[in-house]
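One structure is given below, encoded as structure tokens.
What follows is calculated from the coordinates using simple rules that are stated; it is not laboratory data. Keep in mind that this is a model prediction, so the values were computed, not measured. Counting neighbours? That spans all protein chains shown, and the Cβs are built from the backbone with ideal geometry, glycine included.
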Amino acid sequence: PSSYVSLLQEFAKKRALAEGKQVHAHVLKTGYEGNGWIGNKLVYMYIKCGSLKDARQVFDKMSQRNAFLWSMVVGAYARARFWEDVLNLLHWMQGEGMRADDIIVPSVLKACAGLTALEQGKEVHGYIVRNGFELDIVVNNALVDMYAKCGRLQYACQVFDKMTEKDVVSWTAIIGGYAQIGDSGEALRLHSEMEFSGVKPDAITWNAMMAGFAQNGQGDEALELLNRMQLSGLKPDVNSWNAIVTGCAQNGYAEKALEAFCQMQLAGVRPN
RNA sequence: CUCGUUGUCGACA
């Protein structure tokens, strides 16, 4: 087993799917498929190599699944934005008598956010309170984001205001939420408050604001933010520009999108 | 480091 695990670990790190599959075939041939340690590593390798399908095939056949494995698989589905699968896996897990822990809960909230499933999200919130996860900053960040994505900024603020510690993710989630619903004033106000509190906005914070502004027809304000971003010492890359370009383009502001697109090239940033 | 979880725009199917 140690040999297989080392190989799988290495191929996972290298994203070497073909090699990983060869190891898998060898495992099947030598009858080690029932080994839980190897099974975990096979799932891990397939996830790292980007093959959820293969990961799932191994996962489904395993006889024992620990909390670590469940959260790894559910997290992979959340990352891939397969929201329904996240919830289906959660229900399967609970049916097997496993309790959702503080690691898996953020992935579930991410799925609720992706589905704009407010009622589901509220249920998870209740579960968080009942299980004493409310002091976990990652869980709280995911809660703020879920409420924000569901357009319920009042709920998002309730959670946000109660947080004893706020990091760049917390601030970005709430600011992005206001930007998304078109409340640019509140987004800007919170942005100032963020800097005042000593948390420095990173590229994602700026991108989230610019995207929200652009999507709500405030392309000029978004471009202004791009300038402020530069002044703060961050270099807008193609992703920052795309936040504006696609935000405008996908919401009926074609001419503004084109304008931003041209400005991007004048700034020396190549489109991707 | 056997390193599973949260924020932006995408890419991958």
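With an 8 Å cut-off on Cα pairs and a minimum separation of 6 or more residues, tell me the relative contact order of the stretch A:186-272 in percent.
Computed value for the stretch A:186-272: 25 percent relative contact order.
Could you tell me how many degrees, from 0 to 90 and to the nearest 10, lie between the Cα long axis of helix A:36-48 and the main elongation axis, the longest principal axis, of the Cα atoms of chain A?
That helix lies at roughly 30 degrees to the long axis.
Applying 1/(1 + (r/R0)^6) with R0 = 25 Å to the Cβ-Cβ distance of A:TRP37 and A:TRP92, what FRET efficiency is obtained, to the nearest 0.05?
Step by step, r from the Cβ atoms, then E = 0.65.
Pick out which of A:GLY247, A:GLY198, A:GLY217 has the largest mean-square fluctuation in a Gaussian network model of chain A, springs linking Cα atoms closer than 10 Å.
Between A:GLY247, A:GLY198, A:GLY217, it is A:GLY198 that shows the largest mean-square fluctuation.
Among the aspartates and glutamates, which have Cα under 20 Å from the Cα of A:LYS162 when same-chain residues fewer than 8 positions away are ignored?
Cross-link targets: A:ASP102, A:GLU123, A:GLU134, A:ASP136, A:ASP145, A:GLU186, A:GLU193, A:GLU195.
How high is the FRET efficiency between A:ARG228 and A:LYS29 when r is their beta carbon distance and R₀ equals 51 Å, given to the nearest 0.05?
Once the sixth-power term is evaluated, E becomes 0.25.
Tell me the angle of helix A:153-162 to the major Cα principal axis of chain A, expressed in degrees between 0 and 90 and rounded to the nearest ten.
Relative to chain A, helix A:153-162 is tipped by roughly 70 degrees.
Using Cα pairs closer than 8 Å and at least 6 residues apart in sequence, work out the relative contact order for the stretch A:63-139, in percent.
Relative contact order for the stretch A:63-139 comes out at 29 percent.
Could you give the length gained by full extension between A:VAL138 and A:LYS61, i.e. 0.36 nm per residue of separation minus their alpha carbon distance, to one decimal place?
Here the segment from A:VAL138 to A:LYS61 would lengthen by 24.6 nm.
Between A:TYR32, A:TYR155, A:TYR178, find the one with the highest GNM mean-square fluctuation for chain A; connect C-alpha pairs within less than 10 Å.
A:TYR32
At a Förster radius of 35 Å, what calculated FRET efficiency corresponds to the Cβ-Cβ distance of A:ASN131 and A:GLN250, to the nearest 0.05?
Step by step, r from the Cβ atoms, then E = 0.35.
Nearest 10 degrees, 0 to 90: what angle lies between the long axis of helix A:2-13 and the longest principal axis of chain A (Cα atoms)?
Here the helix axis deviates by roughly 20 degrees.
Counting alpha carbon pairs within less than 8 Å and at least 6 residues apart, what relative contact order, in whole percent, applies to chain A?
For chain A, the relative contact order is 9 percent.
Restricting to lysine pairs 8 or more places apart or on different chains, what number in the stretch A:1-132 have Cα atoms under 24 Å apart?
26
Report, in deg cm²/dmol and to the nearest 500, the calculated mean residue ellipticity at 222 nm for chain A, where each DSSP H run with n ≥ 4 adds -39500 (n - 2.57) and the sum is divided by the residue count.
-23000 deg cm²/dmol
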